[in-house]
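The values are calculated or read from the model by the stated rules, or taken from the named source; none is laboratory data. Everything quoted here is computed from the prediction, not taken from an experiment. Virtual Cβ from ideal backbone geometry, glycine too; neighbours counted across all protein chains shown.
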Amino acid sequence: MARSKYAIRRTVPAWTALAAAIFALAPMPVHVAAAPVPPELETEQPSIQADYTVYIGGFMAAEGTVSATLHDDTYVMRSFLGVAGVPKNFFDAKWTMESSGRINEAVPRPDWFAFHSSEKGKIKYREMSYDAAGRPEMTFEPPLRPHEEIRVLPFERQNTLDPISALLLPVTTNGNPCTRRLAVFDGKHRYDLQLAFDSEGTVTTRDKGYSGKAIRCSVQMTPRSGMRQTSFTRMLQQRDNAHIWLAPMNGGNIYIPVRIQVRTPIGGAVMDVVRLRQYAAKEPTATAAAAK
């Protein structure tokens, strides 16, 4: 039994961080310190909001929420993920992320990203700001120690997506959201996510959080820089070890993940949307005026 708990303790933060990093969603609970967002979007109602759960080996391991605020060519994403269920008895952790940017030719272009973590009472904050060429500059609080030096070269960071923006999958008319490679950099790690079409049909997630059309994609991760090789990351590099179900939103020109299935060293992991809400879009000018 002790061995099982040790395995879970190692896998839960890795898988939940990956789930949040690969396919981000929603708003932050008040008990977690939040990173700043543009003032005009501080109180704006999101366009899409979802709650989700993570089960590993049939047991709840984490739960979270995610939201996207969308306009014609801009977006703001927020996500929260926290350990839940039995694992919370021996590993308490929460992760929040926020990102803002624009959508150019059906591709998200982030201009700001923030990551906040609380693991066993240790608080860490990371922020990235992007210049006009798509190069992120990072700040860390507390500052990185010498042995934590970032091993991702500047040219490898350029024109990458932050983990939440990688969740937002805009498509052109009749486009396929699966046919793409996502270059991701989270401030420390650089990796690629290769999506490939698997099938198309319907899906019903846990608690009937979503029931409807979805496209299933296979996902294969390729580490680039700054990542340690573990049994879990090696599994993610293999074909058919990870799949994602993408559902059309916002009139069909945006897709978001409603289910993720991943094999882990301690059993299958499933992230399911358990509640999904869509709201009518607001005009940016009206929102800004209301904020004043």
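Just for the range 280-292: of the residues that are surrounded by 14 or more Cβ atoms within 10 Å (Cβ to Cβ) and in a loop (DSSP other than H, G, I, E, B), which one is modelled with the lowest pLDDT?
Taking the range 280-292 as the starting set, the residues that turn out to be surrounded by 14 or more Cβ atoms within 10 Å (Cβ to Cβ) are 281-282, 284, 287-288.
Now drop any that are not in a loop (DSSP other than H, G, I, E, B), which leaves 281-282.
Values: A281: 55, K282: 51.
Per the criteria, the residue is K282.
Take the residues of the range 234-262 that are touching a Phe, Trp or Tyr at 6+ places or on another chain (Cβ under 9 Å) and of a type outside the set (A, V, I, L, M): which is nearest to K208 (Cα to Cα)?
Filtering the range 234-262 for residues that are touching a Phe, Trp or Tyr at 6+ places or on another chain (Cβ under 9 Å) and of a type outside the set (A, V, I, L, M), the one nearest to K208 (Cα to Cα) comes out as R259.
Looking only at the range 19-52, which residues are within 16 Å of A93 (Cβ to Cβ) and modelled with pLDDT of 50 or more? Steps first, please.
Keep residues of the range 19-52 that are within 16 Å of A93 (Cβ to Cβ), which gives 19-21, 28-29, 31-33.
Answer for the range 19-52, where residues must be within 16 Å of A93 (Cβ to Cβ) and modelled with pLDDT of 50 or more: just A19.
Take the range 91-111 and flag every residue that is part of a strand (DSSP E or B), over 14 Å from the mean Cα position of the chain (by Cα) and without any contact (Cβ under 8 Å) to a residue 60 or more places away in the chain.
R102, N104, R109, D111
Among the residues of the range 234-251, write down those that are in a helix (DSSP H, G or I) and either among the polar types (S, T, N, Q) or touching a residue at least 12 places away in the same chain (Cβ under 8 Å) (or both).
M235, L236, N250
If you take the residues in the range 248-272 that are among the hydrophobic types (A, V, I, L, M, F, W, C) and in contact with a Leu (Cβ under 8 Å, 6 or more places away or on another chain), which one is modelled with the lowest pLDDT?
Checking each candidate, the answer is I254.
Here is a check on your reading of the model: is A61 at pLDDT 50 or above and of a type in the set (A, V, I, L, M)? Talk me through it step by step, then tell me what you get.
Numbers: at pLDDT 50 or above: yes; of a type in the set (A, V, I, L, M): yes.
Yes: the conditions hold for A61.
Provide a single number: the residues in the range 118-136 that are touching a Ser or Thr at 6+ places or on another chain (Cβ under 6 Å) and on the phi > 0 side of the Ramachandran plot.
So in the range 118-136, the residues touching a Ser or Thr at 6+ places or on another chain (Cβ under 6 Å) come out as 124, 127.
From the residues that got through so far, the ones that are on the phi > 0 side of the Ramachandran plot too are none.
Within the range 118-136, residues that are touching a Ser or Thr at 6+ places or on another chain (Cβ under 6 Å) and on the phi > 0 side of the Ramachandran plot number 0.
Would you please list the contacts, defined by Cβ atoms under 9 Å and residues six or more apart or on different chains, that run from a residue in the range 39-57 that is over 22 Å from G252 (Cβ atoms) to a residue that is modelled with pLDDT of 90 or more and of a type in the set (D, E)?
D51/E63; T53/E63; T53/D207; T53/D272; V54/E63; V54/D272; Y55/D272
For residues that are among the basic types (K, R) and surrounded by fewer than 16 Cβ atoms within 10 Å (Cβ to Cβ), tally how many sit in the range 89-115.
1
Condition first: in contact (Cβ under 8 Å) with a residue 60 or more places away in the chain and either under 19 Å from I164 (Cα atoms) or among the basic types (K, R) (or both). Now tell me which residues in the range 259-273 satisfy that.
Once the filter is applied, which keeps residues that are in contact (Cβ under 8 Å) with a residue 60 or more places away in the chain and either under 19 Å from I164 (Cα atoms) or among the basic types (K, R) (or both), the range 259-273 yields I260, V262, V270, M271, D272, V273.
When the range 42-66 is examined, which residues are found to be part of a strand (DSSP E or B), within 17 Å of the chain's Cα centre (by Cα) and surrounded by fewer than 23 Cβ atoms within 10 Å (Cβ to Cβ)?
Correct list: I48, Q49, D51, T53, Y55, E63, T65.
Please work out if G134 is under 15 Å from the mean Cα position of the chain (by Cα) and assigned to a loop (DSSP other than H, G, I, E, B).
On the way: under 15 Å from the mean Cα position of the chain (by Cα): no; assigned to a loop (DSSP other than H, G, I, E, B): yes.
Taking the combined requirement at face value, the residue does not satisfy it.
Give the residues of the range 181-205 that are surrounded by 17 or more Cβ atoms within 10 Å (Cβ to Cβ) and outside any loop (DSSP other than H, G, I, E, B), sorted by residue number. Don't jump to the end; show me each part of the working.
Here is the first cut: in the range 181-205, the ones surrounded by 17 or more Cβ atoms within 10 Å (Cβ to Cβ) are 182-191, 193, 195, 203, 205.
Passing the criteria: L182, A183, V184, F185, R190, Y191, L193, L195, V203.
Residues that are surrounded by 17 or more Cβ atoms within 10 Å (Cβ to Cβ) and in a helix (DSSP H, G or I): does the range 209-221 have at least one?
Kept after step one, since they are surrounded by 17 or more Cβ atoms within 10 Å (Cβ to Cβ), are these residues of the range 209-221: 209-210, 214-221.
Still in the running and in a helix (DSSP H, G or I): none.
There is no residue in the range 209-221 that is surrounded by 17 or more Cβ atoms within 10 Å (Cβ to Cβ) and in a helix (DSSP H, G or I).
Is at least one residue of the range 119-133 buried (at least 20 other Cβ atoms within 10 Å of the Cβ), at pLDDT 90 or above and not hydroxyl-bearing (S, T, Y)? It would help to see each step written out before you state the result.
Of the residues in the range 119-133, the ones buried (at least 20 other Cβ atoms within 10 Å of the Cβ) are 128, 130.
Cutting the leftovers down to at pLDDT 90 or above gives us 128, 130.
Checking which are not hydroxyl-bearing (S, T, Y) leaves us with 128.
Looking through the range 119-133, at least one residue is buried (at least 20 other Cβ atoms within 10 Å of the Cβ), at pLDDT 90 or above and not hydroxyl-bearing (S, T, Y).
Within the set of pairs 6 or more residues apart or between chains, which connect a residue that is under 24 Å from R224 (Cβ atoms) and at pLDDT below 80 inside the range 169-183 to a residue that is part of a strand (DSSP E or B) and among the β-branched types (V, I, T) with Cβ atoms less than 9 Å apart?
L169/I254; L169/I256; P170/I103; P170/V107; P170/I254
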